[in-house]
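Only the coordinates and a few stated rules stand behind these numbers; no lab work does. Fair warning: this is a prediction, and the values are worked out from it, not measured in the lab. Positions of Cβ are generated from backbone atoms using ideal geometry, with glycine treated the same way; all protein chains shown enter the neighbour counts.
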Amino acid sequence: MRYLSILYFALIITLISCDGRDRIHKTSAEVLKENKLFDSFSEEIKYIPEQRTEVLTDTILSSGFQVKIQYYVLDDDYSTKRIKASNEINKILYFKNFEAQFHISKNNKFVAQNVINKEFFKKHGASAFWEQAIMQFVWIDYENSNENFIVINTSFNIPGTNVYKDFSISIDAFGTLKTKQINLIENVL
């Protein structure tokens, strides 16, 4: 019984002495730096877009072409951008990449299907651009499409910059794909 009371008394003294008095005049940042935890608590991480995004397009043109485009976010493919914010907090932005699958038929006969992503266009330009760029848009170019072929445009951008690459994909009634880089951005003064 006597040993139990001594052990109980020692436990109480130990708990009372661990009240953090040595840290009372330190800031939270100093305590985190002391314990090598500052870097993990000084980062703000944000994913763009934050939620699953998907756009479905199903279009029938008077030329007989039917175009189905499924444009969606890739959760495991992103471009990273670090921003130094105030109060020693680093902002890390993860811009998720997109890809699009298209299926084209003409007069109810299959013509072509493919996936549009960065890999599809890597032969156009430096690899440094493609490592940072994300797909912005995919759309049907009604003005340049006609009875013999359909044109799909897409745009890639390096987030936070004005660096873009725009492409057009023309698909004829036999399924032949032709890609070319275009410049859709106009400089307005």
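Please go through the range 121-170 and write out the chymotrypsin sites (Phe, Trp or Tyr not before Pro) that DSSP classes as loop and that have at most 15 other C-beta atoms within 10 Å.
Values: sites: Phe121, Phe129, Trp130, Phe137, Trp139, Tyr142, Phe149, Phe156, Tyr164, Phe167; in loops: Tyr142.
Filter output for the range 121-170: Tyr142.
What pairs in Lys96/Lys165; Lys106/Lys180; Lys96/Lys123; Lys109/Lys180; Lys68/Lys165; Lys91/Lys122 have C-alpha atoms more than 20 Å from each other? Among Lys96/Lys165; Lys106/Lys180; Lys96/Lys123; Lys109/Lys180; Lys68/Lys165; Lys91/Lys122, the Cα-Cα distance tops 20 Å for Lys106/Lys180; Lys96/Lys123; Lys109/Lys180; Lys68/Lys165; Lys91/Lys122. Here the range 120-189 and the range 87-115 have alpha carbon centers that stand 12 Å from each other.
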